[in-house]
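Here is the structure we will look at, set down as C-alpha cells.
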Amino acid sequence: MVLKIFFPQCCNTADSGLLVGRWIPGHNSAVVLAVIHYPFIPGQVKKYLSELQSQTQVDLTVLGSWSMPKEGQEGMDSFLKDLSTIFPQKCWLQLSREIGKRGFTCQVVQNNGKLLQDQEQKNGDDKIILIHYDQRKVMLSQLHPVQDVGQKSDVEPSELRLVFLTVAQSQPLFFLDKYDDGPLKLTHWQSEGREASIIAELLKQVSVPVCIFLTWLLSLWHWLCSFRMLHLRPVLFISSKLSTCVQSGYRAVHFKTVFSPKKAARHMEFMRKANIFVSFLVDIALGLLLILWLYRENRISKLADTLVPVADRVAKELQELLEWLMGAPAGLKMNRALDQVLGRFFLYHIHLWISYIHLMSPFIERILWYVGLSACLGLTFALSILSDIVALLTFHIYCFYVYGARLYCLKIYGLSSLWRLFRGKKWNVLRQRVDSCSYDLDQLFIGTLLFTILLFLLPTTALYYLVFTLLRLVVVLFQGVIHLSVDFINSFPLFAIGLRICRPYRLAEGVKFKVLCQEPGTPLHLMMEINPLKCSSVLQCYRMPTYSCSPKDSWAALCKKLFVGELIYPWKQKTAKTD
C-alpha cells in the first residue's frame, strides 16, 4: 500500500525537530502541519498538543522526526530516532534532507521497531509519496461541492477533503511564531510573524457597536411595521403590488441577516453574508452616482418639464388610434354600433387621464425631487420607484387591456360553449370533462341566435383586444427590464466573483499534481496545486435567492393565454423565493 505524506512547503528549510500533524483516519496518509524545533522538553510538547486538541477538535500528534543537518548537530539524527519510544506511534516517520539534494529521504519505523526499507522503490514500485502543498492556500480554500463540518451525510468524506479540513481546523497551531517567548519554537506558514492588518483589526472592533446599532434600527422598523393599521387587507393588497414595498421588505431581511451579531458558523452562511454586504455597498454606490447625475445641471427640472408634454403626446396618439379604430381600420368592416360604444368608452378614460395629469403637473417637479433622494438607499430603490411610476402613468393602458381582454375572453368562452351545444355536448363541471347531452328545439334556436351574434361581434372586439394587448406588452417589457435589473443587483454574488478573480484558490474545485522531484534513493515528490472553481459554477452555487416577478409559464402557455384572452403579467409579486 502506498503511504502518502502531505508536507508543507514552508517546512522545507526548517531546523531539525519533531513533525506535528495528523494521520488521516481510514487512509494510509499523514498530514504534516508544523515542525517543533530542537531544543524542547517532551512533556511540554505533549501538554501543548493536548491543549491544541481541545481547541481544534483535531487528533494532533507527533508523526516523527525531521532532520536538517547543521554544524555542531552531528548526533541529532540518532537523538530524534530515539524519541519514537517517548511518542509511540503505529508508524514513526523519519524525514531528512541532505545538503545539495532537492529530495528528502524518508524511513518508516513500525511499532515493532523494524525499519521499513523501501526495496520496492529500487524496482520502480514507489511505496512512499511526498506531496508538497501551500499551507496558507489549503487552509483558506474551500472544496466544492461544500460539505459543512456539522452536516450529516451518508457519503464519507474523501481523503483530499479530510486533508483540507485538517489544515483548516488547525489554525490555532499557526498562532505561535518565532517572536513568542514560549518554550517551544515552531515552523509553519506563519512562523516568521503573524499575518495581521491594522485596518482589519480596527474594522473588527468597530463592527460590533455598528451591528448592535443597526440591529436596534431594524427592531424599530419591525415595531413600526407591526402596527395593526398596516395589516389591514387594503394596505396589504396595495403594498404587495408596489415594487418599492417589496424591495423594502427584501432589504430588511438582508439587513437582519448581515448585521446579526451571531457569527457565521458555516461557509455558505459566511458567503451569503459577504455577498449581501458587498451587493448592498455596490447598490448604495450606484445610487449615489445616480443622485450626483440627477442633481447636477438642474436635470430634475428638465425631466419634470419633459414629463407632462410626453404624457400629453401619448394621450394624443391614443386618441388618434381610437379614432382610427372607430372608422374603417385597414379597410376592415367593423360592427358600427359596438365600435362606437367601445371607442367613446375608451376616449372618456383618456379624457379623465389627461385631466389627472394636468392636475398633478404643478407638483411633479417636487415629487421627482424627493423621489431622486430615494436613490441614497440604493439604485434598486430608485429602479423600484421608477417601475411604480411607470405603472401609475400607464394605468389607463392597463385598464384598456383589462377591459378588452375580459370582453374578448367572454366571447371566446361563449362561442366555445355554444359550439358544444351544436354538437350535442356540454361541460361537466363536477367531473371536469365534456359529456353528451340532449337539447330541445328552443335551446338550439336560442343557442344559434347567440352564437351568430357573438360570432359577428368577435372581429370588432378582437381588434380592440389586439391593439391594447400590444400596448400592454410594450409597458410590461419596459417594467420587465427594470425588474430584471433589480433582481440582478440583488442576486449577483459580487463577493464570490471577486474572490474567484483575486484569490482563485479560495474557491477550489479540486487539485492537480505535478512531479517536483524524482531522484534515485528518495521517494517521489509531487506538488499539489489547487484548481479554482469555474465562474459559471460560482454563479450557480452562490447566487442569492430573489423575490422575482418573472412568469413561470412557458412560451406556449403564454401564447395560449393571449389567444383565449386570459390576463398575462398581472400586478402581483411572487411571495416565494426562487433560486
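The values are calculated or read from the model by the stated rules, or taken from the named source; none is laboratory data. Fair warning: this is a prediction, and the values are worked out from it, not measured in the lab. All Cβ positions, even for glycine, are placed from backbone atoms using ideal geometry, and neighbour counts span all protein chains on display. Remember, those area values only see protein heavy atoms, side chains included, never the ligands or the DNA or RNA. Shrake-Rupley method; radii C 1.70, N 1.55, O 1.52, S 1.80 Å.
Would you check if residue 399 is open to solvent by less than 40 Å² (accessible area, probe 1.4 Å), assigned by the TED database to the domain that holds residue 480 and under 30 Å from residue 371 (Cβ atoms)?
Numbers: open to solvent by less than 40 Å² (accessible area, probe 1.4 Å): yes; assigned by the TED database to the domain that holds residue 480: yes; under 30 Å from residue 371 (Cβ atoms): yes.
So residue 399 passes the test.
Looking only at segment 432-454, decide whether some residue is under 30 Å from residue 323 (Cβ atoms) and either open to solvent by less than 30 Å² (accessible area, probe 1.4 Å) or outside the structural domain of residue 314 (by the TED database) (or both).
For segment 432-454, residues under 30 Å from residue 323 (Cβ atoms) and either open to solvent by less than 30 Å² (accessible area, probe 1.4 Å) or outside the structural domain of residue 314 (by the TED database) (or both): absent.
Please specify each residue of segment 438-465 satisfying the condition of being among the small types (Gly, Ala, Ser) and within 19 Å of residue 329 (Cα to Cα). Give the derivation first.
Just the residues of segment 438-465 that are among the small types (Gly, Ala, Ser), to begin with: 438, 447, 462.
Listed by number, the list holds a single entry, 462.
Among the residues of segment 447-467, is any outside any helix (DSSP H, G or I) and free of Cβ contacts under 8 Å to residues at least 24 places away in the same chain?
So far as segment 447-467 goes, no, none of its residues is outside any helix (DSSP H, G or I) and free of Cβ contacts under 8 Å to residues at least 24 places away in the same chain.
Scanning segment 125-146 for residues that are out of contact with any helix residue (DSSP H, G or I) (no Cβ under 7 Å at 6 or more places or on another chain) and surrounded by fewer than 17 Cβ atoms within 10 Å (Cβ to Cβ), which turns out modelled with the highest pLDDT?
My answer is 145.
Out of segment 500-520, which residues are modelled with pLDDT under 90, over 18 Å from residue 135 (Cα atoms) and open to solvent by less than 60 Å² (accessible area, probe 1.4 Å)?
Listed by number, the residues that qualify are 517, 519.
Return the residue satisfying two criteria in turn: it lies in segment 259-280 and is at pLDDT below 80 and of a type in the set (A, V, I, L, M), and of such residues it is least open to solvent (accessible area, probe 1.4 Å).
Residues of segment 259-280 that are at pLDDT below 80, as a first pass: 259-265.
With of a type in the set (A, V, I, L, M) added as a condition, the list becomes 264-265.
Values: 264: 28, 265: 92 Å².
Selected residue: 264.
For segment 106-124, state whether one or more residues are surrounded by fewer than 18 Cβ atoms within 10 Å (Cβ to Cβ), in a helix (DSSP H, G or I) and at pLDDT 80 or above.
no
Scan (1) at pLDDT 80 or above; (2) closer than 21 Å to residue 12 by Cα; (3) surrounded by 13 or more Cβ atoms within 10 Å (Cβ to Cβ) for the single condition residue 58 breaks and write down its number.
For residue 58, the failing item is (2).
Please work out which residue is farthest from the chain's Cα centre (by Cα), limiting yourself to segment 460-499 and to residues that are of a type in the set (Gly, Ala, Ser) and open to solvent by 20 Å² or more (accessible area, probe 1.4 Å).
Taking the candidates together, the pick is 462.
If a residue must be open to solvent by 60 Å² or more (accessible area, probe 1.4 Å) and not β-branched (Val, Ile, Thr), how many such residues does segment 320-346 contain?
Total satisfying the criteria: 12.
Only one residue in 524, 444 is more than 30 Å from residue 539 (Cα to Cα), touching a strand residue (DSSP E or B) at 6+ places or on another chain (Cβ under 7 Å) and of a type in the set (A, V, I, L, M), so which one is that?
Details: 444 fails: touching a strand residue (DSSP E or B) at 6+ places or on another chain (Cβ under 7 Å).
Unique residue meeting the criteria: 524.
If a residue must be hydroxyl-bearing (Ser, Thr, Tyr) and closer than 30 Å to residue 138 by Cα, how many such residues does segment 468-515 contain? Steps first, please.
Here is the first cut: in segment 468-515, the residues hydroxyl-bearing (Ser, Thr, Tyr) are 469, 485, 491, 505.
Right, trim to closer than 30 Å to residue 138 by Cα and you get 491, 505.
The total comes to 2.
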